[in-house]
Structures are given as structure tokens and as C-alpha cells.
1. Along the positive direction of the dipole of the chain (beta-carbon charges: Lys, Arg +1; Asp, Glu -1; about the Cα centre), which of N200, Q54, S321 reaches farthest?
2. Using helices alone, what [θ] at 222 nm do you get for the chain, with -39,500 (n - 2.57) per DSSP H run of 4 or more residues, divided over all residues and rounded to the nearest 500?
3. Length gain on complete extension for the stretch I304 to Q54, per 0.36 nm per residue less the alpha carbon to alpha carbon distance?
4. For the stretch 177-306, build the convex hull from the C-alpha positions and give me its volume per residue in Å³.
5. Would you please put 221-229, 285-293 in order of how densely packed they are, using the mean number of other Cβ atoms within 10 angstrom per residue and starting with the highest?
6. Provide the descending list of Cα extents for the stretch 246-339 along its principal axes, expressed in whole angstroms.
7. Using 7 Å Cα-to-Cβ label points, what is the H296/K121 separation (nm, one decimal)?
8. Modelling each spin label as a point 7 Å along the Cα-to-Cβ direction, I'd like the K284/E210 distance in nm, to one decimal.
Amino acid sequence: MRLGIIGLPQSGKTTIFKALTGARGIKGEERIKKGDQLIVTVNVPDERVDYLEQLYKPKKTIYSQVEYLLPPKIVDSDHAKREKEDVVFNAVRTCDGLVHVVKNFQLFGGPSPTPEEDFFKLESEIILSDLVVAEKRIEKIKSDEKKGKKIAIEELPLLKRCRDILSEERPLRDNTEIATAPLLKGFTFLSAKPMLVISNNSDEDEDLPEMPHIPKNSEVMAVRGKLEMEIGEMGPDDAEEFLSAFHIESSLLDRIIKRSLAVSNLISFFTVVENEVRAWTVTKGTPAIKAADLIHSDMKRGFIKAEVLPYDQLVRYGNFSDAKKDGHLHLEGKEYIVQDGDIIKFRFSV
């Protein structure tokens with residue numbers, strides 16, 4: 001999963017990125033720089049993977065991973081602001097979700113923060129950007145139709161629905177059917193992506209600001225970015241002391257990953273094969289055949305059955321054999337919907 005960090009200038013995006021990467025002691029050289037953007041990949045903490053590792057003692061343990069992308073900065077005074085904004089939007093179009101940072105701290109002598117207003121300012125730009133994409137494609141389809149070219153019949157009505165939603169200044173994520181339509185995936189609409197909104201607070205402010213109009217389908221959390229960035233740069237003993245003093249229960253990275261997975265509607269299943277325990281992340285509602293394809297295309301091509309054991313049952317019995325003996329291992333077909341915590345072995349033949 002890749003998440004793009006966005007926000008207006010001076011909202012603290014870079015601070016949040018540094019706080020995220022510092023949370024696990026990730027050094028600067030471990031961050032990949034591509035042009036003006038920064039990318040870092042981190043493991044998703046999962047106590048279920050920890051348990052499976054202790055139980056099976058594999059040679060290799062692989063956690064699910066999340067990639068965070070920090071796009072180039074936009075400078076307000078730049079005469080080419082629109083062009084730079086397009087660069088930022090293009091950088092995050094391939095992301096699976098967005099982390100929208102809004103400023104909720106006051107600089108010395110500066111104006112009071114307006115987090116909700118800032119949110120909608122950038123949200124409007126995102127919606128406008130998507131509207132331009134939809135309208136251009138609609139025009140192209142109509143042009144191709146006049147020339148007698150073959151077009152996808154379902155595409156035009158879907159795009160028109162997109163245009164109608166966006167014209168009302170609503171994000172596509174408001175309509176789950178449209179936001180997840182496979183035919184529209186290639187357009188990488190920004191407003192269709194799941195969004196985690198981070199209120200970047202001052203050091204002493206733990207609370208969410210009043211933002212009554214933020215859409216309910218966006219996850220919102222408060223973070224003291226500067227404080228957590230500084231804690232992330234401390235040694236373990238000092239960090240623990242400050243975390244306790246400022247009532248911070250876990251690292252910013254762990255909290256953001258948890259909320260990101262929730263807003264992105266993602267779940268995890270596990271495989272235990274030979275000497276490897278591995279976590280896989282899929283969208284809730286994924287059928288077994290697609291989960292098999294995620295592991296290897298041969299598994300999809302030669303799919304026979306999926307052997308499924310719920311993680312909770314393995315923990316309950318403490319071993320695979322007893323859980324199976326008591327009837328908790330079940331065989332499922334291609335259409336079985338993978339559940340969070342499933343331990344799956346795919347039977348296949350090619």
C-alpha cells in the first residue's frame with residue numbers, strides 16, 4: 001500500500017513525514033529520493049505475525065508494508081503555482097490513499113489556524129483536478145464515437161456520473177460504487193481515494209479542532225507533529241519518558257498505519273509455508289481467487305481450493321493439528337470472501 005502525504009504550504013507535511021520515519025529509527029539514507037519527492041517503506045506492525053513467528057519459528061518473517069510518499073513542495077508566491085500543484089497531484093495519483101495534513105498550530109505573531117477552511121481549500125483543488133480529467137475523457141470518447149471508433153459502452157455513463165458528482169463540488173469517495181468501479185481505476189481520480197485527515201497540532205494540544213463539516217467518510221486524527229518528530233529523534237529511554245509525559249501511547253507511525261488501514265478498508269491474511277510466515281494485505285471483500293493471484297499468478301491459474309483456518313482458532317488451540325481436528329479448518333472455493341486474520345494455504349495445480 002502506498003500513501004501520499006498532501007497539504008497546503010506550511011501545514012507541516014515534512015514534519016509529519018520526519019515524525020513517521022523517525023518513529024522506527026529510519027535513517028535518512030533509508031529514504032528513497034526520486035526527484036523532489038521522498039519515499040519510505042515501513043513494516044505494518046501486527047501482533048498476529050509476531051505470534052505466528054513465535055509458534056512456527058520460520059527462517060523468514062515478512063510483514064505487510066506501507067510506503068509513504070512526500071511529493072514536491074508548492075511555493076505560494078511562485079507564479080507557476082498551478083503547474084507545481086499539478087506536479088504534486090500527479091505524484092500522488094498512483095497512491096492507494098491520501099494523508100491530508102491540515103495546520104492547527106499558530107506561528108509566533110501569525111494568524112490563528114483555520115484547519116477546516118484549509119482542508120476544503122485543497123479538497124476543492126483536488127475535485128477540480130478530477131473534473132478536468134473526467135471532462136477531457138468524455139470529450140475524447142465523444143470525438144472517437146463520431147469518428148466511428150470502438151468505445152467501451154459502460155465507460156461514458158460512469159464518467160458522466162463522475163462529472164455530475166464533481167460538478168456539485170463533492171469528492172468521488174462520497175459514492176462507493178463510483179470510487180471503487182474497476183473501469184475507472186485507470187483514471188486514478190484523487191477524490192476517489194480513501195483519505196486520512198491529520199490535524200497537525202501544537203505541542204500542548206492533544207484535541208481535535210472543531211471541524212464539523214469534514215466528510216464522515218474521511219478518518220480524522222490529531223497529531224502533535226513537531227513534538228513527535230523530536231521524540232522520534234531521541235534515544236529509546238528519553239523517548240519513553242516523553243511519550244509518557246505527553247500521554248502518547250504508541251508511535252505516530254503505528255497510529256497512522258492503523259488508521260490508514262481502517263479508512264482504506266484493508267484487511268490482512270497470512271500464509272505459513274515451509275520456512276516463511278507472511279502477511280498479505282487485501283481490500284475487504286476480496287475473493288480467494290484474487291488473494292491467490294496476489295501471491296502468484298500460477299495459484300490463480302491452477303486454483304483448486306483454499307484451506308482456511310481463522311487466526312483466533314489457532315490461538316485458541318495453540319497448534320494447527322488440534323484446531324483442524326476440532327473442525328475449524330475449512331475448504332473454500334474461488335468465491336470465498338477472505339476474512340481478516342485468515343491463515344490460508346492455496347491448493348493449486350498447473
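Quick note: the coordinates plus some simple rules give every number you see, no bench work behind them. This structure is a prediction, so every number in the text was calculated from the model and none was measured. We place every Cβ from the backbone using ideal geometry, glycine too, and count neighbours over all the protein chains shown.
1. Of the candidates, S321 comes out farthest on the positive side.
2. Working: 13 runs with 137 residues, N = 350.
Rounded to the nearest 500, it is -11500 deg cm²/dmol.
3. Extra length available between I304 and Q54 comes to 87.0 nm.
4. Hull volume over Cα atoms, normalised by residue count, gives 173 Å³.
5. Numbers: 221-229: 21.8, 285-293: 18.4.
Ranked from most to least packed, the peptides come out as 221-229, 285-293.
6. Reported extents, whole Å, longest axis first: 52, 31, 25.
7. It is 5.3 nm.
8. About 3.2 nm, to one decimal.
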